[in-house]
Structures are given as structure tokens and as C-alpha cells.
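The structure appears below as C-alpha cells.
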Amino acid sequence: MGFDEGDLRTLAGARSFERGLGYLDAVSGLEVGEGSVTAVVHGTDVYEVELILGGDDGISGWCDCPYGQEGNFCKHCVAVGLTVLRRAKTIPHQRAAARARSSGLEAWLSALSRDELLALVREQVAEDRELRRRLELRAAAARSDLSTIRDRIIALIDPRPFARYGYIEYADASGYARQVAEAASALRALTADGQAAQAVGLAEEAIRVLGEAYGEIDDSDGVVGEAAAAVAEAHLEACGVARPDPDRLAEWLAGRLLADDGDVTEVDPLDYADVLGPSGLARMRQLAAEALRRRPSGWAERYLMERLVKAEGDIDALVALHAQDLDPSGATHLLIAEELETAGRVDEALAWAERGLRDCAAETHIDSRLVEHVCVRYAKTGRVADAFAVRRDRFRVERSLAAYRQLRSAAWAADCWEVERAAALAILKEDARRERGGRYGGPVLIDALLDDGDLDAAWREAADRADDRQWERLADLSREMRPAEALGVYLRLVERSREPTGDRAYEHLAGLLLAARDCHRALGTEDAFTGYLAGLRAELKRRRKLMSILDRHGL
């Protein structure tokens, strides 16, 4: 076979492999070819899977589910792979039969006369609309029929046949994307056939239509965007061959980048730098400056100017551009610092990052990357006390578990954690007294004590303050040393977990019961747990999935 279950697990990862086990009964239409296997898997939708059996090279797979289209070996690929392994005895015979069929088809086609082959092609063209369009394009290209080529390309990117209700739904997006990709292929073929100038114009028309249509497409999987990017690549390729007028190209590019519908193809002006040349880039810079004056806060205008300034290598102009619109989170200060650091101006870079910390000092949620940037550079230059001061200042504003951890790490490095911990906990105690909770509900004080491993203090502070998440964490950390107290927590949480339904809730309930059983065992009261569990199962026996999950966990 060339692969086994271990290979599938390695390719998919443990989670996707385990989930694939649940789809074995959903595999149908398994078809074995010479070097591949195809099948259909019924999941949230009906997905097509292809596995390439590479012999000594192992196995690879493709699936048209969203996760598979990102290049991942998904649970549907796992299910098909496992199905193949379970039918291992019949696979060699099926592959031999596939080779025989392929050989027979080749021999039959070779024996057909010209007229018979033409009849066969005509029959397929009549039945297969996509094949007909491809052949029509090839025929038009062969005779340099630009009018027909244009009509065919525009027909391919026309969204109306797919827009049943005025827009293209998710289910129809992939079909439309295939047509757009076909149009991109036709444009590249036109360039290869010596018609690059015509390909430039057709690509620009296609990009305009795509931009107008994209807002009415549910492209959740990004397939139309990928196909549109292929059209943009075909335009760039054609420009590289045809070398259009730089000023006209600059005006077209600026128009696309500044248009409200310019997102679909994600054109980068720097990709065209060689074609534009100095005069084209200067014209685009002029257009960008005019647009930025008209709308100083426009995202597209700023992006275009930023890319052009970057292309010129003018770091001071780039800094000045960013400095016109500083984000209150400090993200722009960080961007400036990184640009300066890349240019080798390290001192100026740090000064901008430090300015960001000052400008954003009162913000509760400052960009954490800016804080990290400054602290890392302080640490590299031996400024341990300064790094600690930054972390302390941020903790006093943010007061989250993450900020507490960062403060602790910096204080350890500065050899002052014992004193600083007392001050930090005093702040968190005051927050808890004022019922100022953390991001997830309970006081940050309890999270900090748990993170420090100070369980005695955590138990003292938890009464009437901790949320369920914190109680469970406290019980998990304490059940070996304080099984009776942990048991009380688990039983209370079990009672609160009776009502929620669904696999995740049931798995959580099973975990609580397992923890409670461990506590009973430590206390020597397993009989009490057995009775409690029996009563719980009797009460919830109608929840068949819950009973199945409890059985799987030995409960």
C-alpha cells in the first residue's frame, strides 16, 4: 500500500485523525485508479477527496472542504485513507484493473479514425459546457480572433449566471471561481501566443468586472479571491511582455488601488516597478499625493503612498507618513521602530518605541508587541531595571494575568520579585474587594495566586469570589494534598453541569466525575462515588450521547 495508519496520523495530526475515525461510515463512491483513489465523504456538505498513492514516497491527499483547500490533510482524507487500508486485499486487483482500463482506452483512441475522433470530441463538447468554452478559446487564439477571445473571457467572468438571487451564494462560489481561473489561463495563453498587448487590455477589463461583482459574492473560502489573483498575475505577466505606456499604466494601477472595489485582486504597485520605470513611479507618486490630500485618513490612499515611498527607499518620508496618523494602541509607533531598525538606525528605532510607551501609557490595552519590543531590546543591552519598570507600569494599568506573569519574569531578572509581588498582590486584592473581575469573570488575584502555586492563599481568597473556571483549576491543583476540599468543589461543579448539552459539555462533565472519583479514592470512599454515579446516570439516562461518553471514560 505504501502507507499505514501511522502515516495518516502524522499527516493529519492527532485531532484530525481521531475525527476522521468518525467518518468511516460516511465514505462512498470509492474509485481506485493507477496511482490515486477518489471518493466522496458526506460531512457538513458532500466533499470530494483524492489520495495520491506514491508507493515508496508515501501518500498525499486533497479535499475540497474548507480545511482541505488550505492544503491540510483533513479528517475526510483520513476517513478515505482508513477505508483504503481496510480494503487493502482488494486494492492491488483494483489498481491492476485501472491500468488495464487506461491501456485499453489509449489503444481504442489510437485506433479511431480522424472522423471518429472528431465525432467523439463533438459529442463531449455538446455535453460538457466547460470543455466547450476551453476549446472555443483555443480555437479563437489559434486564429487570432480577438473579438471572440474577449467575448469568451468576459462570459467566463460574468457573475450573472451564478447569481440566482442577485448575488453569488457560498454553494455557487467554487463554480464561479473555476470559470475565473479559466479566464486567467486564457489570458496567459494569449500572452504566450504573442498577443500580450491585447491580454493587458482584456485583463484590465476582467479585473474591473471582478471588482464590481466581488461585493455580491459569498467567498467565505477565498476561492474567488484566489482565482481573481490569478487574473491579476496574468495582467502583470502581460505587462512585462507588452511594456505598456508607463504613465497610462500608473494611472490604471492608481485607479484600481484607490477604488472602493479594489480589494479583490490585491494588486501591489511594487510588483510593477520594473514595468513602470522611474517615470511611471513618479506619476503614481503624484497621483497618490493628490489622493492623500483629498482624503488624509483614507486607508487605500495611505497604503499606496506607503508602498511607493518604501520603493524609493526614503525612510524619513516613510516615518513622516506613518507619524501623521499614530494609532492609540502604539501599533504605528512599533511599525516606525521596525522600519528604522531595518534601516540600521537602531537608536532612533528605540526612541520611537519608547515614545509609543509614553504616548499610550494611559491606554488599558496597548499593543503587546510594542511592550515586548522595548523590553527585549532593554534586556539585550543589560537594562534589566528599565525592562522591569516598563512591565511594572503596564501591570498597574492593565492588571491582567498576562501582565502579572510578565511583571514576575522581569522582576526575577531584576532580583526584586519578593518585594514587587507583595505590591502587585495588594493592587489585585483591592481590585477583588471592589469586585473588579478579570477578562473571564473571576478576580485576577485568584489567577495570579494559582499561577504562583500559592494554593493556601488561593483557597482563602476564593470564597465568594472565584468563578467556576477558577474553582476547577484550584481543585485540580489541590486534589492530591486536599482531596476532601477538592471533592466538594468537583461535586458542586457537577451539579452545575447537569443542564448543558452537547459533546463539549458532556466531555467536561465526564472530566469532573473522573476528578471526583480520584478524590474519593484518595479518601477511601469509592463506594460513595459508585452510589453517586449510579444515581446521576439514572437521572440522565435519556441522554444517550452522555451515556456513551461516560461509558467510554469508564464511568
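The values are calculated or read from the model by the stated rules, or taken from the named source; none is laboratory data. Quantities reported herein were computed from a predicted structural model and do not represent experimental measurements. Heads up, the Cβs are rebuilt from the backbone with ideal geometry, glycines too, and the neighbour counts pull from every protein chain shown. Ligands, DNA and RNA are excluded from the accessible area calculation, which covers all protein heavy atoms including side chains. Shrake-Rupley method; radii C 1.70, N 1.55, O 1.52, S 1.80 Å.
Observations on the model:
- R0 of 30 Å, Cβ-Cβ distance ASP268-LYS380: FRET efficiency to nearest 0.05: 0.35
- Estimated inter-spin distance, THR525 and HIS365, nm [label 7 Å along Cα→Cβ]: 4.4 nm
- Label separation (LEU24 vs ARG460): 5.6 nm, computed from points 7 Å beyond Cα along the C-beta direction.
- Amide H within-cut-off set for ILE217, under 5 Å, with H built and near neighbours excluded: ILE168
- Near ILE59, the amide H atoms lying under 5 Å from its own belong to GLY54; only residues 5 or more places off or on other chains count, and H is placed 1.01 Å from N.
- Helix 223-242 and the longest principal axis of the C-alpha atoms of the chain enclose an angle of approximately 50°.
- Per-residue ³J(HN,Hα) for region 342-348, Karplus 6.51 cos²θ - 1.76 cosθ + 1.60, θ = phi - 60°, Hz, x for Gly and Pro: 4, 7, x, 9, 5, 5, 5
- Amide H contacts of SER36 (H built 1.01 Å from N, in plane; Pro and chain starts excluded): LEU53 sit under 5 Å, all sequence-distant by 5 or more or on other chains.
- Charge tally around GLU348: other residues with Cβ under 14 Å, Lys/Arg +1 each, Asp/Glu -1 each, net -3.
- Fraction of accessible area attributable to carbon and sulfur, region 220-339 (%, probe 1.4 Å): 49 percent
- The angle separating the long axis of helix 368-380 from the principal Cα axis of greatest extent in the chain is about 70 degrees.
- D_trans [Stokes-Einstein, Kirkwood Rh over alpha-carbon pairs] for region 140-240, 20 °C, 1.002 mPa s, µm² s⁻¹: 160 µm²/s
- Two-site FRET efficiency, GLN324 against ALA413, from Cβ-Cβ distance with R₀ of 51 Å, rounded to 0.05: 0.85
- Pairwise FRET efficiency - ALA331 versus ARG537, Cβ, R0 = 41 Å, nearest 0.05: 0.15
- Highest-first arrangement of 508-516, 333-341, where packing means the average Cβ count within 10 Å: 333-341, 508-516
- Solvent-accessible area per residue for region 358-469 (1.4 angstrom probe, square angstrom): 55 Å²
- Net charge of neighbours whose Cβ lies under 13 Å from the Cβ of GLU70, counting Lys and Arg as +1 and Asp and Glu as -1: -3
- Peptides 287-296, 174-183, 407-416 ordered by average Cβ neighbours within 10 Å, highest first: 174-183, 407-416, 287-296
- Modelled spin-label separation between LEU112 and ALA163, with each label point placed 7 Å from Cα along the Cα-to-Cβ direction: 3.9 nm.
- Between 0 and 90°, nearest 10: helix 196-214 axis offset from the chain longest Cα axis: 40 degrees
- Cβ-defined net charge surrounding GLU182, 10 Å radius [Lys, Arg +1; Asp, Glu -1]: +3
- Length, then width, then depth: along the principal axes, the Cα atoms of region 405-471 run 35, 21, 19 Å.
- Entry for volume of the Cα convex hull per residue in Å³ (calculated from the structure that is shown) out of [x] 248; [y] 179; [z] 208: [x]
- Of all DSSP-defined beta bridges confined to the chain, some 95% are antiparallel rather than parallel.
- Sulfur and carbon atoms: percent of accessible area, region 52-185 [1.4 Å]: 52 percent
- Relative contact order (%) - the chain, alpha-carbon pairs under 8 angstrom, separation at least six: 5 percent
- Residue-wise HN-Hα coupling along region 215-222, computed from phi with Karplus coefficients 6.51, -1.76, 1.60 (Hz; x: Gly, Pro): x, 10, 10, 7, 9, 4, 8, x
- With a cut-off of 19 Å on the backbone N, the residues of region 152-167 near the modelled label site 7 Å out from ARG132 along Cα-Cβ are 152-163.
- Taking θ as phi - 60° and the Karplus parameters 6.51, -1.76 and 1.60, the scalar couplings of region 499-507 work out to 6, x, 10, x, 4, 5, 5, 5, 5 Hz in sequence order, x denoting glycine and proline.
- When only Cα pairs below 8 angstrom with a gap of at least 6 residues are kept, region 411-548 shows a relative contact order of 14 percent.
- A protection proxy built from the mean count of other Cβ atoms within 10 Å ranks the segments 184-192, 76-84, most packed first, as 76-84, 184-192.
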